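A quick write-up on the structure given underneath.
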Amino acid sequence: MSEERSSSLSEPASPDPIRRLRRTRMTETLRSMVRETELSTNDFIYPQFVVPGKNFRKEIGSMPGVFQLSIDQLIRECAEVQSLGIPAVILFGIPETKDETGSSAYDEHGIVQEAIRAIKKNVPGLLVITDVCLCEYTSHGHCGIVRGNDILNDESIKLLAKEALTHAQAGADMVAPSDMFDGRVQAIRTVLDANNFQTIPIMSYAAKYASGFYGPFREAAESTPKFGDRRSHQMDPANSNEALREVEQDILEGADIVMVKPALSYLDVIRRVKDRFGMPTAAYNVSGEYSMIKAAGKNGWIDEQRVMMEVLTSIKRAGADLILTYFAKEAARIVNAKRSS
Ligand SMILES: [Zn+2]
């Protein structure tokens, strides 16, 4: 009995154990040799908010370091993003006018469509992904067509497909539907294919939760719903089996990359999605996650850079291949400095 006990994992065989897990932690050289997860600039996608006008650059109050930019300013920002080795941006548009059906979302001369053309012309080689949704463009701030108290699914996805097509026609390299309506990936895939855009990938916001962490984004994108909320289409934070069903559905409809949003409170969901499907998996390190770190950093309550890198590393460790993050530029600078040292 005593022999059996001494060989169990819970009780070390002797006070001088053979297994000393600290051995590989003793120097930075060793630590770096056994490190399992390392961030690369290739992991990052930088979100950008584009607005009408010229020479416009307005910092978002709740998101220090993040700006609403007119197209001329956006191009400068994109050039910097590219010079840091970040491969891609994702565009969100704030239009001149909003209406019931979000018609400027699928206007071929809409703000995002023009921004795509300008980036493609001035910063070739930078991958341009577009967010496809209606909430920035509708007067009521909802992601689709509203009738009474309902947000209509099937009518809305037709408009989303139209929006995605105008993005592809303007030169977008990838489209990313963020609405969470049923059937949108297939609707977009069908329309893209019918118009000779068979090779444009779709990154779907596959498991997007109705989250309190989106607060600062709504200031940035001016997309707060005027009434109600998004709980009839976005997911309940309590569910993760349902996330797998959502992701599976999007894959069946033709999604090429699947996303979990937000990231930090949903690391378990990222891991389950990655393990189950083995798909290229993205995670959105959302505005609230960014703002909390910025605010605590500003107050001197945490080491901001250290926490930023820890959070981003945890998202990658959980299984994300791609991280949409407002920290992209800051993190890229640290990654690049480490590489050249
Ligand atoms: Zn939306």
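The values are calculated or read from the model by the stated rules, or taken from the named source; none is laboratory data. Quantities reported herein were computed from a predicted structural model and do not represent experimental measurements. Cβ atoms come from the backbone with ideal geometry, glycine included; neighbour counts cover every protein chain shown. When the accessible area is computed, the model is the full protein with side chains, heavy atoms only, and any ligands, DNA or RNA have been set aside. Shrake-Rupley method; radii C 1.70, N 1.55, O 1.52, S 1.80 Å.
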## Note on the structure
With Arg333 itself left out, Lys, Arg at +1 and Asp, Glu at -1 over residues whose Cβ is under 12 Å from its Cβ give +1
### Query
Amide H neighbours of Ile323 under 5 Å, counting only residues 5+ apart in sequence or on other chains, H built in-plane at 1.01 Å?
Phe44, Ile45, Ala283
### Query
Long-range amide H contacts for Met235: which residues qualify at under 5 Å (H placed 1.01 Å from N, peptide plane, sequence gap of 5 or more or a different chain)?
Lys208, Tyr209, Ala210
#### Entry: Cα-derived Rg over Rh, computed across segment 262-341 with Rh taken as Kirkwood radius
1.01
### Query
Amide H to amide H, which residues 5 or more places from His142 or on other chains are under 5 Å from it, using H placed in the peptide plane?
Lys226
### Task
At most 11 other Cβ atoms within 10 Å and a DSSP loop assignment: could you name the trypsin sites (Lys or Arg not before Pro) in segment 194-289 that fit?
Lys226, Arg231
#### Entry: For segment 4-143, share of DSSP beta bridges that run antiparallel, in % to the nearest 5
25 percent
### Message
Using each residue's phi in segment 30-38, evaluate 6.51 cos²θ - 1.76 cosθ + 1.60 at θ = phi - 60° and report the 3J(HN,Hα) Karplus result to the nearest Hz, with x for Gly and Pro.
### Response
5, 4, 5, 6, 9, 5, 8, 10, 10
### Using a Förster distance of 35 Å, the FRET efficiency for Thr27-Trp301 (Cβ separation, nearest 0.05)
0.70
### Task
Quote the FRET efficiency, to the nearest 0.05, computed for Asp268 versus Asn55 with a Förster distance R0 of 51 Å and r equal to the Cβ-Cβ distance.
0.70
### Message
With only alpha-carbon atoms in the gyration tensor, what are the semi-axes of the equivalent ellipsoid for the chain, in Å, largest first?
### Response
38, 24, 19
## Note on the structure
Too long for a 20 Å Cα-Cα cut-off, among Lys120/Lys294; Lys261/Lys316; Lys54/Lys120, are Lys120/Lys294
### Summary
Per the 1/(1 + (r/R0)^6) rule, R0 = 35 Å and r from the Cβ atoms of Arg333 and Glu222, FRET efficiency to 0.05 is 0.75
### Message
Give me the dipole magnitude in Debye, nearest 20, for the chain about the Cα centre, with unit charges on the beta carbon: positive for Lys and Arg, negative for Asp and Glu.
### Response
1180 debye
### Message
If you split all Cα-Cα distances of segment 91-229 into 10 Å bins from zero, what percentages do you get per bin, shortest first?
### Response
13, 44, 35, 7, 0
### Summary
Ordering Ile151, Ile60 by the accessible surface of their heavy atoms, 1.4 Å probe, largest first, yields Ile151, Ile60
### Query
Roughly how much of Asp193 is accessible, in Å² to the nearest 10, using a 1.4 Å probe?
60 Å²
### Query
When ligands, DNA and RNA are left out and all protein chains stay put, how many square angstrom of accessible area per residue does the chain have with a 1.4 Å probe?
48 Å²
### Query
Computed over the Cα atoms, what is the radius of gyration of segment 39-165 divided by 2.2 N^0.38 Å, N being its residue count?
1.11
### Query
Per the 1.4 Å probe, what fraction of the accessible area of segment 81-195, in percent, lies on carbon and sulfur atoms?
48 percent
### Query
Relative contact order, percent, of segment 134-208 when contacts are C-alpha pairs under 8 Å separated by at least 6 residues?
28 percent
